[in-house]
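**Student:** Quick one: the structure is below, and I'll ask about it shortly.
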Amino acid sequence: MSHISLKQTWTNNGIKALAVIAALGFGFAAPQAMAQTKTTIRISTPAVPEDWHAKMWTVFKETLEKSAPGEFDVQIHLNAALFKQGTEPTAMARGNLEMSAISAQDISKIVPEFSIFTAGYIIRDPAHQAKVFDGPVGAEVFKPVIQKMEVTPLATAYLGTRQLTLREDKNVMTPADLKGVKLRMPASKEWLFLGEALGATPTPLAFGEVYLALKTGTIDGQDNPLPSVRAAKFYEVSKTIVLTSHLVDAIFLSYGTKAFNALKPEQQQKVKLAAEAAARYNNANRIKDEAELIDFFKSQGLKVITPDVAAFRKTVQEKYQKSDMAKAWPKGLLEKINAVK
């Protein structure tokens with residue numbers, strides 16, 4: 001074989017070998033390239049698996065997979081396994097976490113004007129809550145959240161409505177009827193102020209001590225959403241439930257602003273719609289649970305009272321407006337919230 005033909009043979013074989021290697025390389029690289037196109041969404045929540053606030057994230061994931069197949073890798077971390085409760089906003093701002101549900105209390109630490117939503121009788125019920133945050137008021141109050149906290153609220157989820165339970169059979173219709181009632185409240189000045197505004201004598205006590213305190217008479221009553229009353233079995237040591245509905249609470253499904261802005265506009269819309277679907281799922285189930293619990297407590301022998309809520313709202317709002325807390329509230333915001341029907 002001539003020198004030229006030998007060289008040609010090696011050249012031809014080399015080209016073939018390179019072609020095979022390239023083909024194999026592309027074969028292995030293709031799935032990797034596809035995987036890299038997915039946008040990771042890490043979700044951290046303190047909710048336990050049985051909670052609607054945990055289950056709603058599965059709805060978010062499934063909704064997004066249907067609307068944007070193959071575009072996102074949604075990773076759900078329950079039981080505060082990824083970040084401790086309260087640390088999620090900072091993690092999202094830093095880019096260490098994409099999504100979580102944050103509370104009004106979380107927000108008010110950085111955005112003081114948002115503290116209006118931690119006050120009593122600001123939000124009337126779940127329907128009012130949805131209209132407030134999904135309308136012009138929501139657009140207004142979320143602007144400083146996006147700017148100062150670097151997180152973008154996408155949807156509002158109903159957390160629950162706090163009611164009173166009393167250890168004695170007592171007919172409570174107005175704040176005056178709570179005079180002298182030792183009402184357990186969480187041990188912070190904001191919670192204690194709310195207890196006083198309701199007309200009671202607020203008594204700070206750890207949640208784990210409430211059952212025994214009701215049983216022994218150390219306290220006369222406590223406030224919590226009805227699902228918590230059932231879970232902690234406070235109904236066993238109570239005779240009256242007063243549906244004051246003094247605090248209608250929410251959590252906000254939020255996305256880190258930098259990460260959210262990095263998404264394509266059509267992806268942003270799909271993520272927002274998925275968050276709204278998750279919130280609707282949570283809200284419907286939570287409201288259903290609370291409604292059914294009324295009958296449960298009645299079956300346990302408790303008296304359930306619906307007081308003059310308008311009288312409570314008027315008294316409590318007046319006390320808040322005269323307090324130092326209200327100084328951080330934007331002028332006219334309370335009137336705008338009250339005007340939402």
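The values are calculated or read from the model by the stated rules, or taken from the named source; none is laboratory data. All of these numbers come straight from a predicted model, not from anything done at the bench. Neighbour counts are summed over all protein chains in view; Cβ atoms, including those assigned to glycine, are modelled from backbone coordinates with ideal geometry.
**Student:** I need the full set of residues from region 115-131 which are more than 21 Å from Lys327 (Cα to Cα) and either more than 15 Å from the chain's Cα centre (by Cα) or not polar (S, T, N, Q) (or both), in order please.
**Tutor:** Within region 115-131, Arg124, Asp125, Pro126, Ala127, His128, Ala130, Lys131 meet the criteria.
**Student:** Residue by residue through region 322-341, note down the ones that are over 18 Å from Lys109 (Cα atoms) and surrounded by fewer than 13 Cβ atoms within 10 Å (Cβ to Cβ).
**Tutor:** Lys322, Lys331, Gly332, Glu335, Ala339, Lys341
A quick yes/no check of all residues on (1) among the small types (Gly, Ala, Ser); (2) touching a strand residue (DSSP E or B) at 6+ places or on another chain (Cβ under 6 Å):
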{"position": "Val210", "(1), (2)": "no, yes"}
{"position": "Asp223", "(1), (2)": "no, yes"}
{"position": "Leu247", "(1), (2)": "no, yes"}
{"position": "Thr257", "(1), (2)": "no, yes"}
{"position": "Ala262", "(1), (2)": "yes, no"}
{"position": "Lys270", "(1), (2)": "no, no"}
{"position": "Tyr281", "(1), (2)": "no, no"}
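**Student:** Please verify whether Leu154 is assigned to a strand (DSSP E or B), crowded, with 16+ Cβ neighbours inside 10 Å and in contact with a strand residue (DSSP E or B) (Cβ under 6 Å, 6 or more places away or on another chain), treating the condition exactly as stated.
**Tutor:** When the stated conditions are applied, Leu154 passes them.
**Student:** Moving on to the next point. Being modelled with pLDDT of 95 or more, within 28 Å of Lys341 (Cβ to Cβ) and not hydrophobic (A, V, I, L, M, F, W, C) is the requirement here; does Pro89 meet it?
**Tutor:** No: the conditions fail for Pro89.
**Student:** Among the residues of region 198-242 satisfying the criterion of being in a strand (DSSP E or B), under 24 Å from Lys298 (Cβ atoms) and among the polar types (S, T, N, Q), which is modelled with the lowest pLDDT?
**Tutor:** Among those that are in a strand (DSSP E or B), under 24 Å from Lys298 (Cβ atoms) and among the polar types (S, T, N, Q), it is Asn224.
**Student:** Within region 175-183, identify whether any single residue is surrounded by fewer than 16 Cβ atoms within 10 Å (Cβ to Cβ), farther than 16 Å from Thr244 by Cβ and touching a strand residue (DSSP E or B) at 6+ places or on another chain (Cβ under 9 Å), and answer yes or no.
**Tutor:** Yes, there is a match, as at least one residue in region 175-183 is surrounded by fewer than 16 Cβ atoms within 10 Å (Cβ to Cβ), farther than 16 Å from Thr244 by Cβ and touching a strand residue (DSSP E or B) at 6+ places or on another chain (Cβ under 9 Å).
**Student:** Name the pairs: first residue in region 304-323 and at positive phi and touching a residue at least 60 places away in the same chain (Cβ under 8 Å), second residue part of a loop (DSSP other than H, G, I, E, B) and surrounded by 14 or more Cβ atoms within 10 Å (Cβ to Cβ), Cβ to Cβ under 9 Å, at least 6 apart or on different chains?
**Tutor:** none
**Student:** Show the residue pairs that are 6+ apart or on different chains and have beta-carbon atoms under 7 Å apart, the first residue being within region 182-193 and assigned by TED's automatic domain parsing to the domain that holds Ala104 and touching a residue at least 40 places away in the same chain (Cβ under 8 Å), the second being part of a strand (DSSP E or B) and surrounded by 15 or more Cβ atoms within 10 Å (Cβ to Cβ).
**Tutor:** Listed pairs, sorted by first residue: none to list.
**Student:** Looking at region 92-128, which of its residues are surrounded by fewer than 22 Cβ atoms within 10 Å (Cβ to Cβ), polar (S, T, N, Q) and at pLDDT 95 or above?
**Tutor:** Asn96
**Student:** Here's another thing I want to ask about it. Condition (residue is assigned to a loop (DSSP other than H, G, I, E, B) and more than 16 Å from the chain's Cα centre (by Cα)) applied to region 133-145: is it met by at least one residue?
**Tutor:** Yes, because at least one residue in region 133-145 is assigned to a loop (DSSP other than H, G, I, E, B) and more than 16 Å from the chain's Cα centre (by Cα).
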